[in-house]
There are 2 protein chains.
Amino acid sequence: MVVALCWASFALAEGFPKGRWVDLSHDFADDTLYWPTADKFHKDTVFAGETDKGYYYSAYNLAAAEHGGTHVDAPVHFGRGRQSVDQIPLQQLIGPAVVIRVAGQIPQAGKGANRNYLISVADIERWEQQHGKLEKDTIVLFDTGSAQYWPDPVKYLGTAERGQAAVDKLNFPGLSPEAAIFLADERGIKAVGLDTPSIDYGASKLFKAHRELFKRNVPALENVTNLQALPEKGFTLIALPMKIRGGSGGPTRVVGFIPED
Amino acid sequence: MVVALCWASFALAEGFPKGRWVDLSHDFADDTLYWPTADKFHKDTVFAGETDKGYYYSAYNLAAAEHGGTHVDAPVHFGRGRQSVDQIPLQQLIGPAVVIRVAGQIPQAGKGANRNYLISVADIERWEQQHGKLEKDTIVLFDTGSAQYWPDPVKYLGTAERGQAAVDKLNFPGLSPEAAIFLADERGIKAVGLDTPSIDYGASKLFKAHRELFKRNVPALENVTNLQALPEKGFTLIALPMKIRGGSGGPTRVVGFIPED
């Protein structure tokens, strides 16, 4: 037993334990999903081919809204003077994380299925009954089963229409304001993440979960994926946003690290 | 002693050793430096203010070339059919890393200073004499002392002019093709990073260091910063690029993790 522990601490001396990395990010492309009123992602070719100097070269230009694809919302997105994306401390988006699976609670498919589900405090308490009370500074991810619908806008967002009128047709799960307050105030979590387009559910008009989280400087990861590849606890989340000065959010690469048994 | 080791392995059980995170990334803003021929970063305001529903809201649109600010070059940037930025395996840009400091070799300031220095195999061997042979799968960063000049285009790039004619005035240090081949073939490194605008030096016309590295699937981080905050070895680098499908590179958040003694 002592030998095993010493081997583990040897791995630690290398600066990092041994384990597996899991990518929790969608890619950015023409089919990346954005809010119906937001500019979509575009990649324009600057050059791609043989140069007159005899070698291949390719380069592109990018354009997009901050809030689409796998990204983080910074507190300033819904709170004047609050942290912008470059001001979120690195440690806020790095640390021990858990996955709370609520997909089974949500009527997922079939005609007239209403995915406008609000994740409740009871959903969190159900996880705690099995795994113990959420520790302070945990990063909490919710698997609502939505990632399986990406990048189909009808199934994932509730509509393929674009523009202001389409907003009323959004239909996807989100976090209830009560659960947001519970996670921030009662459990002291560092950050929250969902596999949906928004922390608030599709039917939300006042974005209360966003506002309650950001008042408390808890950033939110949206459109994360691949949560079924993670254990329910015992892994580390690392989310590194594009460092946009004064940005209200932005493209974020989200990865999980699962240590070896 | 055994007690100390067991404590260390307890930290490991949490998934992650204890230590400090260091941000090695410049931010993206109007003053972010780009190649003279590349589109600069722009952030346009979609909305920033009180909504008619009584809460504050802000959101922006982004546009930029892939290759500017702190970013990664993917092998396809200079090699047809090679890995695009979304195809670089996560593990390639995560792992044990070192800093080789060459700032003292380069005439940094004064009128007519020529910063077009080529990092040599001898510079790498000098580090090895002190710290031991570079281990396979290391990520190698070079501190050329350039980050102190950011974001002054004259001092950092060699010119504030823009457009094709300005390319002849670029003046900054880079990696010699011989050193690139040595690192890839003789040392089997995973990735390389510099605190300059390009892996090839300012005077380069044929970008041979890029081409030699990318032939061997070794990606390159450019415009990294804050390297003086890192030890010369014994830390972990984590570089997570924006996951642009088919991208030749892109904005990358680069961080270092320095484990506690």
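Readers should treat all values here as calculations from the given coordinates under stated rules, not as data from a laboratory. Being a predicted model, the structure only gives us computed values, none of them experimental. Don't worry about glycine lacking a Cβ; one is built from the backbone with ideal geometry, like all the others, and counts go over all protein chains shown.
Got a number for residues in region A:39-57 being part of a strand (DSSP E or B) and at positive phi?
Step one: of region A:39-57, the residues part of a strand (DSSP E or B) are A:42-50, A:56-57.
Narrowing further to those that are at positive phi: A:49.
Total meeting the criteria: 1.
For region A:168-209, give me the residue count where each residue is part of a helix (DSSP H, G or I), touching a Phe, Trp or Tyr at 6+ places or on another chain (Cβ under 9 Å) and surrounded by fewer than 18 Cβ atoms within 10 Å (Cβ to Cβ).
Adding up the residues that qualify gives 0.
Would you confirm whether or not region B:58-73 contains a residue that is in a strand (DSSP E or B), of a type in the set (A, V, I, L, M, F, W, C), in contact with a helix residue (DSSP H, G or I) (Cβ under 7 Å, 6 or more places away or on another chain) and touching a residue at least 40 places away in the same chain (Cβ under 8 Å)?
yes
Is it the case that A:Arg82 is under 17 Å from A:Thr196 (Cβ atoms) and either in a loop (DSSP other than H, G, I, E, B) or of a type outside the set (Val, Ile, Thr) (or both)? Steps first, please.
Values: under 17 Å from A:Thr196 (Cβ atoms): no; either in a loop (DSSP other than H, G, I, E, B) or of a type outside the set (Val, Ile, Thr) (or both): yes.
Considered against the rule, which asks whether it is under 17 Å from A:Thr196 (Cβ atoms) and either in a loop (DSSP other than H, G, I, E, B) or of a type outside the set (Val, Ile, Thr) (or both), A:Arg82 comes out as no.
Mind checking which residues of region B:27-45 are facing chain A (nearest Cβ under 7 Å), closer than 19 Å to A:Val72 by Cβ and touching a residue at least 24 places away in the same chain (Cβ under 8 Å)?
If the condition is that a residue be facing chain A (nearest Cβ under 7 Å), closer than 19 Å to A:Val72 by Cβ and touching a residue at least 24 places away in the same chain (Cβ under 8 Å), then B:Asp27, B:Phe28 are the ones that fit.
Here are the criteria: (1) more than 16 Å from A:Gly79 (Cα to Cα); (2) in contact with a helix residue (DSSP H, G or I) (Cβ under 6 Å, 6 or more places away or on another chain); (3) within 14 Å of another protein chain (Cβ to nearest Cβ). Tell me which single one A:Phe182 does not satisfy.
(3)
Given the criteria touching a residue at least 12 places away in the same chain (Cβ under 8 Å), more than 10 Å from chain A (Cβ to nearest Cβ) and within 28 Å of A:Ala64 (Cα to Cα), does B:Glu222 qualify?
Values: touching a residue at least 12 places away in the same chain (Cβ under 8 Å): yes; more than 10 Å from chain A (Cβ to nearest Cβ): yes; within 28 Å of A:Ala64 (Cα to Cα): yes.
So B:Glu222 fits the description; yes.
Mind listing just one residue for me: the one in region B:225-250 that is among the charged types (D, E, K, R) and surrounded by fewer than 20 Cβ atoms within 10 Å (Cβ to Cβ) and, of those, farthest from the other protein chains (Cβ to nearest Cβ)? Before the answer, list the steps.
Here is the first cut: in region B:225-250, the residues among the charged types (D, E, K, R) are B:232-233, B:243, B:245.
Next, only the ones that are surrounded by fewer than 20 Cβ atoms within 10 Å (Cβ to Cβ) stay: B:232-233, B:245.
Values: B:Glu232: 13, B:Lys233: 10, B:Arg245: 4 Å.
Among residues in region B:225-250 that are among the charged types (D, E, K, R) and surrounded by fewer than 20 Cβ atoms within 10 Å (Cβ to Cβ), the one farthest from the other protein chains (Cβ to nearest Cβ) is B:Glu232.
Please work out if A:Ala239 is within 17 Å of the chain's Cα centre (by Cα) and either part of a helix (DSSP H, G or I) or polar (S, T, N, Q) (or both). Steps first, answer last, please.
Numbers: within 17 Å of the chain's Cα centre (by Cα): yes; either part of a helix (DSSP H, G or I) or polar (S, T, N, Q) (or both): no.
No; evaluated as a whole, the condition is false for this residue.
Among the residues that make up region B:143-161, is at least one of them touching a Ser or Thr at 6+ places or on another chain (Cβ under 8 Å), assigned to a helix (DSSP H, G or I) and surrounded by fewer than 17 Cβ atoms within 10 Å (Cβ to Cβ)? Explain how you work it out, then say what you get.
Looking only at region B:143-161, we keep the residues that are touching a Ser or Thr at 6+ places or on another chain (Cβ under 8 Å), and these are B:144, B:146-147, B:150-151, B:153, B:156.
Add one more test, that the residue is assigned to a helix (DSSP H, G or I), and what stays is B:147, B:153, B:156.
Subsequent filtering for residues that are surrounded by fewer than 17 Cβ atoms within 10 Å (Cβ to Cβ) retains none.
No, the conditions are met nowhere in region B:143-161.
(1) within 14 Å of chain A (Cβ to nearest Cβ); (2) in contact (Cβ under 8 Å) with a residue 40 or more places away in the chain: which one isn't true of B:Tyr117, the others all being true?
(1)
Count, please, the residues in region B:46-73 that happen to be more than 9 Å from chain A (Cβ to nearest Cβ) and in contact with a strand residue (DSSP E or B) (Cβ under 6 Å, 6 or more places away or on another chain). Don't jump to the end; show me each part of the working.
Going residue by residue through region B:46-73, those that are more than 9 Å from chain A (Cβ to nearest Cβ) are B:47, B:51-52, B:68, B:71-73.
In the following step, the residues that additionally are in contact with a strand residue (DSSP E or B) (Cβ under 6 Å, 6 or more places away or on another chain) were identified as B:47, B:51, B:68, B:71-73.
Of the residues in region B:46-73, 6 are more than 9 Å from chain A (Cβ to nearest Cβ) and in contact with a strand residue (DSSP E or B) (Cβ under 6 Å, 6 or more places away or on another chain).
Between a first residue in region A:227-254 that is without any contact (Cβ under 8 Å) to a residue 12 or more places away in the chain and a second residue that is part of a strand (DSSP E or B), which pairs have beta carbons less than 7 Å apart while being 6 or more apart in sequence or on different chains?
none
Just a yes or no: is a residue in region A:102-114 over 13 Å from A:Thr196 (Cβ atoms) and within 14 Å of another protein chain (Cβ to nearest Cβ)?
Step one: of region A:102-114, the residues over 13 Å from A:Thr196 (Cβ atoms) are A:104-105, A:107, A:109-114.
Narrowing the set further to residues that are within 14 Å of another protein chain (Cβ to nearest Cβ) leaves none.
Checked region A:102-114: no residue is over 13 Å from A:Thr196 (Cβ atoms) and within 14 Å of another protein chain (Cβ to nearest Cβ).
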